[in-house]
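A.B. asks: Would you mind keeping the following structure in view while I ask a few things?
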Amino acid sequence: MLDEFLVHPYLVTVADMDEFEEEAELAADQLNGMLHCAVAQGESREWTHAQIIELIEELCFIWFREPALTELESDEIDDYVFSVARRMEQQRDEDNETPDDE
């Protein structure tokens, strides 16, 4: 069993969200909620720490390109993280099924 994943180094502050201007506090709260959800998803799937970090990085990458994510409700955030985690798992499965050409 893996050690508990520590999400705190990945959490953001209001200052990190300055590009959201008046919505910076909301944006920080929403992204942090998404990151906590990502860790829960990864742990429930028994992912390695590296796989959880990959999910966190993917969510952060998406976050700054999709400002509408700040408008999601808590249950919608959970659903969104679930769908990204599922997509990443499917991609890993496909990569593992692809025979090497070498």
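The values are calculated or read from the model by the stated rules, or taken from the named source; none is laboratory data. All figures in this text were calculated on a predicted structure; none of them were measured in a lab. Glycine also receives a Cβ, built like all others from the backbone with ideal geometry; neighbour counts cover every protein chain displayed.
A.B. asks: Give R92, R65 a once-over and let me know the one that is among the basic types (K, R), more than 13 Å from the chain's Cα centre (by Cα) and outside any helix (DSSP H, G or I). Walk me through it before giving the result.
C.D. replies: Numbers: R92 fails: outside any helix (DSSP H, G or I).
After applying the criteria, what remains is R65.
A.B. asks: Ok, one more. Of everything in segment 63-73 that's more than 18 Å from V7 (Cα to Cα) and either of a type outside the set (D, E) or touching a strand residue (DSSP E or B) at 6+ places or on another chain (Cβ under 9 Å) (or both), which residue is modelled with the lowest pLDDT?
C.D. replies: As a first pass, look at segment 63-73 and keep what is more than 18 Å from V7 (Cα to Cα): 64-73.
Filter once more, so that each one left must be either of a type outside the set (D, E) or touching a strand residue (DSSP E or B) at 6+ places or on another chain (Cβ under 9 Å) (or both): 64-65, 67-70, 72.
Working: F64: 86, R65: 91, P67: 82, A68: 88, L69: 89, T70: 88, L72: 92.
Per the stated criteria, the residue is P67.
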